[in-house]
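Have a look at the structure below before the remarks.
Taken together, the values in this text are just the output of simple stated rules run on the coordinates, not laboratory data. Every value quoted in this text rests on a predicted model; they were computed, and no experiment measured them. Every residue, glycine as well, gets a Cβ built from its backbone with ideal geometry; the counts of neighbours run over all protein chains shown.
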Amino acid sequence: MKTIVIATDGSPSAREAVEFGIDLAAEQHADTVFVHVAPSIDLLPTGGFGMSSAQEHRLTEEDTRSLEDAAALAAERGVETRTEMLRGDPVDEIVAYADSIDADLIVVGSRGHGALASALLGSVSRGILHEARRPVLVVRGSRVPAAAAG
């Protein structure tokens, strides 16, 4: 395995994917690229009747934080990485980027919303699984609920 793309949005599930991806990259001596997808536009309410307007999304500290945190964690573990800020639809952009660099694997977290919530809210991990033409590793949360633990 030569190249791993690890998607992150700063969520706890993405953090688990980042940690797993870093460990895998170290084990495989693979090039690692962290990607984050920021929206292209922001929809802003303009008044009554559900009207909204669109304006170009300006990158904020919040947009870059997940990439910086992932890169810092990789550096702590001695894994060299690079980061890429993408813009647009997360599924489309992550898959297209992985294709453009001929990545061997895409690593993404899953928030585990369940079938109904995923159907209503959409799921980036599910979308990537459906769209990608290369291996995808979905890292699911490993935490055991307190009631089950004890």
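Here are a few things to note about the model shown:
- Long-range amide H partners of residue 136 with built H, under 5 Å: 106
- Ordering 4, 33, 129 by Cα displacement along the dipole of region 3-143 toward the positive end leaves 129 in first place; charges were set at the Cβ atoms of Lys, Arg (+1) and Asp, Glu (-1).
- Among beta bridges that DSSP assigns inside region 3-143, antiparallel share in %, nearest 5: 20
- Derived scalar couplings ³J(HN,Hα) [region 86-96; Karplus, 6.51 cos²θ - 1.76 cosθ + 1.60; whole Hz; x for Gly, Pro]: 10, 10, x, 6, x, 4, 4, 5, 5, 5, 5
- Total charge dipole magnitude, region 3-143, about the Cα centre, Cβ charges on Lys, Arg, Asp, Glu only, Debye to nearest 20: 500
- For region 3-143, the spherically averaged projection of the C-alpha convex hull amounts to 9.7 nm².
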